[in-house]
Amino acid sequence: MESIWKKTAELPEFHTLTKDIRTKVLIIGGGMAGILCAYFLQRSGVDYCLLEADTICSGVTGNTTAKITSQHGLIYDSLISRAGREIADGYLRANELALKRYKDLGWLIDCDMKEVDSYVFDRMDAEKLKREAAAVMQLGFPAEYVEQVDLPFETAGAVRFPNQAQFHPLKFVAAIAKNLNIYEHSPVREMTEYFALTDHGSVAAEKVIVATHFPFINRRGSYFVKLYQERSYVLSLKNTEIPDGIYLEAKKGGLSLRGYEDTLLLGGITHRTGKEPDGFEKLREQAKLYFPEAEITGQWAAQDCMTLDGLPYIGNYSSSTPDLFVAGGFGKWGMTGSMLSAMILSDLIQEKNNEYSTVFSPSRNMLKPQLISNLGHALV
């Protein structure tokens with residue numbers, strides 16, 4: 001089934017590339033990250049074009065739950081411990097800035113932008129919630145531990161982030177993309193650092209941004225071992241109460257909840273891609289347990305690229321490619337990850353300093369236990 005976003009939005013259509021062109025910046029990939037990169041570059045007067053293999057936002061963006069938040073699970077306490085306060089502070093401030101940019105744009109267009117509080121809850125362990133809230137408050141953000149949440153089952157409380165947001169992602173894209181220089185149905189068949197060949201044309205560029213779901217140039221960056229993919233599931237439910245706010249369960253594969261108009265979006269059952277074929281069945285069991293009167297009106301799955309340390313890869317594709325850039329590995333947080341990519345890469349393209357670029361640099365140390373596991377999968 002199609003997601004609720006694809007059913008309720010009409011996106012602009014674009015021509016196929018049928019000629020050879022030159023441009024300052026080539027963007028490959030027409031999801032939210034690529035669209036926002038194009039939007040920022042156009043506003044800065046930078047010559048660019050975007051190539052999309054299918055139609056814009058036909059992949060991961062169309063299957064998001066569209067939460068816009070800097071609260072990405074219980075991450076800040078552990079991030080401070082393993083990466084240091086400076087990295088954790090930069091990550092929080094960068095995502096809060098991405099949230100603000102969405103709000104600044106979203107209030108001006110018809111995209112159902114709504115300011116909401118965000119909650120990460122746990123059913124058993126209040127202490128880890130309190131530790132997370134304390135860690136975030138040490139970074140200067142007004143998070144708090146709350147004992148009661150608006151959910152139909154018992155919890156040990158939650159960490160609340162105030163003034164976060166939700167929206168309709170495809171209505172947002174429809175508004176900002178309509179005047180952008182985009183070519184649809186133009187898959188890249190061959191690629192060098194400065195040249196892309198499609199079925200009916202080519203693009204020569206001074207700089208290239210790869211904003212595809214998975215970075216596809218394997219001879220650079222080692223993304224085939226620096227990323228792995230996870231699948232999760234979403235049901236749309238009607239005839240049920242809708243919680244006030246956006247919610248995520250702290251445990252891996254736990255429930256995700258948000259409302260859209262008269263519909264509850266219930267997500268969860270995360271697993272490594274290809275490892276658990278009955279995700280929808282398990283999520284339907286959860287829906288029946290907690291929302292027994294609800295009617296299931298739709299279902300869809302999302303597939304996310306996960307990095308080894310939980311932070312996206314945004315910046316130079318590798319240390320040896322000064323004019324080739326990447327945006328990816330957003331995990332479950334593609335909305336803020338996409339905006340971060342546009343903010344950082346549009347600055348790097350224009351040779352401007354961006355204070356957050358080092359936090360998300362793809363060339364950071366990736367000697368993590370998951371690297372060995374990924375390498376094993378790659379060699380099978």
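Structural remarks
- No other residue among GLY253, GLY274 is more than 16 Å from GLY331 (Cβ to Cβ), open to solvent by 10 Å² or more (accessible area, probe 1.4 Å), modelled with pLDDT under 95 and in a loop (DSSP other than H, G, I, E, B) apart from GLY274.
- Of all residues in the range 311-321 being modelled with pLDDT under 95 and open to solvent by 10 Å² or more (accessible area, probe 1.4 Å), the one that is nearest to SER58 (Cα to Cα): SER318
- Pair list, Cβ < 6 Å and 6+ apart or interchain, from the range 65-86 residues that are farther than 19 Å from ASN365 by Cα to residues that are among the aromatic types (Phe, Trp, Tyr): ALA66/PHE167; ILE68/TYR102; GLN71/PHE161; HIS72/TRP333
- Residue match in the range 30-45 (condition: in a loop (DSSP other than H, G, I, E, B) and touching a His at 6+ places or on another chain (Cβ under 8 Å)): yes
- GLY267, sole failed condition from (1) in contact with a Leu (Cβ under 8 Å, 6 or more places away or on another chain); (2) open to solvent by 30 Å² or more (accessible area, probe 1.4 Å); (3) modelled with pLDDT of 95 or more: (2)
- Tabulated pairs, the range 287-298, first in contact (Cβ under 8 Å) with a residue 60 or more places away in the chain, second open to solvent by 50 Å² or more (accessible area, probe 1.4 Å), C-beta under 6 angstrom, 6+ apart or interchain: TYR290/PRO152; THR297/LYS238; GLY298/MET1
- Residues of the range 178-192 that are crowded, with 20+ Cβ neighbours inside 10 Å and not in a loop (DSSP other than H, G, I, E, B): ILE182, TYR183.
- Filtered residue count, the range 286-303, keeping only those that are more than 16 Å from GLY253 (Cβ to Cβ) and either at pLDDT below 95 or outside any helix (DSSP H, G or I) (or both): 10
- Condition met for ASP47 (within 21 Å of the chain's Cα centre (by Cα), surrounded by fewer than 15 Cβ atoms within 10 Å (Cβ to Cβ) and not aliphatic (A, V, I, L, M)): no
- Every residue from the range 354-377 that is farther than 17 Å from SER318 by Cα, open to solvent by 100 Å² or more (accessible area, probe 1.4 Å) and at pLDDT 95 or above: GLU355
- Checked against the criterion of being buried (at least 24 other Cβ atoms within 10 Å of the Cβ), at pLDDT 95 or above and touching a Cys at 6+ places or on another chain (Cβ under 6 Å), the candidates ILE56, ILE27, ILE68, ILE35 yield just one match: ILE27.
- Scanning the range 217-242 for residues that are open to solvent by 50 Å² or more (accessible area, probe 1.4 Å), part of a loop (DSSP other than H, G, I, E, B) and either under 18 Å from SER363 (Cα atoms) or touching a residue at least 40 places away in the same chain (Cβ under 8 Å) (or both) yields ASN218, ARG219, ARG220, SER222, ASN239, GLU241.
- Members of the range 277-310 that are among the aliphatic types (A, V, I, L, M) and surrounded by 14 or more Cβ atoms within 10 Å (Cβ to Cβ): LEU283, ALA287, ALA294, ILE296, ALA301, ALA302, MET306, LEU308
- Unique residue being within 25 Å of the chain's Cα centre (by Cα) and either surrounded by fewer than 21 Cβ atoms within 10 Å (Cβ to Cβ) or small (Gly, Ala, Ser) (or both) when the list is PHE195, PHE167, PHE214: PHE214
- Candidate set from the range 147-164 (those that are assigned to a strand (DSSP E or B) and open to solvent by 40 Å² or more (accessible area, probe 1.4 Å)); member that is farthest from ARG101 (Cα to Cα): ARG160
- Taking the range 129-146 as the range and being open to solvent by 60 Å² or more (accessible area, probe 1.4 Å) and in a helix (DSSP H, G or I) as the test, the residues that pass are LYS130, ARG131, MET137, GLN138.
The values are calculated or read from the model by the stated rules, or taken from the named source; none is laboratory data. All figures in this text were calculated on a predicted structure; none of them were measured in a lab. As a convention, Cβ positions derive from the backbone with ideal geometry for all residues, glycine included, and neighbour counts pool all protein chains shown. When the accessible area is computed, the model is the full protein with side chains, heavy atoms only, and any ligands, DNA or RNA have been set aside. Shrake-Rupley method; radii C 1.70, N 1.55, O 1.52, S 1.80 Å.
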